[in-house]
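Quick note: the coordinates plus some simple rules give every number you see, no bench work behind them. The structure displayed is predicted, hence computed values, not measured ones. So basically every Cβ, Gly included, is an ideal-geometry build from the backbone, and we count neighbours across all protein chains shown.
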Amino acid sequence: MLVLPLARAQASDDAHDAVTYEVTLKNLTGNQILSPPLFVTGHGYRLFRIDKYATDELRMIAESGNNAPAAARASASSNVEDVVALAAPIFPGESVTVTLTAQRRDRLSLAAMLVSTNDGFTGVDRLRLPRGEGAITRSLMTYDAGTEMNNELSPYIPGPPGGGMLRAPEHERIMMHPGILGVGDLDPALFGWTGPSAMLTVRMLDD
């Protein structure tokens, strides 16, 4: 696991309000591998926004599973409290748990690619973090980054059965992913999914 802690540009007046959270992400799909996820806590910082255009850093996650540029950008932001960029993927049915710190007003964002797609990813945009005892659980849907055409052809799919890294660029807004349609080399019965593609659980460890 690669952890990228944020060196804050200046001491925060409310540093005593920092809280530690345990965050678990589970892959709910049958055969889609999730790329190494990126987790970010902060105030006013967004990895992506539905119905907006993807940043280049989000595109790299959604098309190739490369979270390093997005992690570097988040770590350089004064609006970010903590960044965790994992190095290993999450296989179907498996989960990963990380710890992050956050201030009282911070939110959680994350993103991970479904690697047997052109530019499909799952994630959450500025989730409100729990306070007090108990955990919150959220079902995460799959989004289309709008940066590559969904041709479903092996040379353009980084995960099984392709392993290719070619691009078929397009410039569309982030929206819900239509799923695997069987227009190329991907078998919908094997690589398709219905409903949420991941489950997120967040629990406060201390206050």
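Okay, here's what the table says:
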quantity: Given (1) among the hydroxyl-bearing types (Ser, Thr, Tyr); (2) farther than 16 Å from LEU28 by Cα; (3) under 17 Å from the mean Cα position of the chain (by Cα); (4) in a strand (DSSP E or B), index of the condition TYR53 fails; calculated: (4)
quantity: Residue tally, condition touching a residue at least 40 places away in the same chain (Cβ under 8 Å) and touching a helix residue (DSSP H, G or I) at 6+ places or on another chain (Cβ under 8 Å), over region 31-60; calculated: 11
quantity: Conditions (1) surrounded by fewer than 16 Cβ atoms within 10 Å (Cβ to Cβ); (2) under 20 Å from PRO92 (Cβ atoms); (3) touching a strand residue (DSSP E or B) at 6+ places or on another chain (Cβ under 9 Å): number failed by ARG49; calculated: (2)
quantity: Hits in region 154-192 - residues which are of a type in the set (Gly, Ala, Ser), under 20 Å from the mean Cα position of the chain (by Cα) and farther than 22 Å from ILE50 by Cβ; calculated: GLY159
quantity: Residue match in region 137-151 (condition: more than 15 Å from the chain's Cα centre (by Cα), outside any loop (DSSP other than H, G, I, E, B) and either among the aliphatic types (A, V, I, L, M) or crowded, with 16+ Cβ neighbours inside 10 Å (or both)); calculated: yes
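Let's see how each residue does on (1) among the hydrophobic types (A, V, I, L, M, F, W, C); (2) buried (at least 16 other Cβ atoms within 10 Å of the Cβ); (3) touching a Gly at 6+ places or on another chain (Cβ under 9 Å):
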site	(1), (2), (3)
GLU172	no, no, yes
MET175	yes, no, yes
ASP185	no, yes, yes
ALA189	yes, no, yes
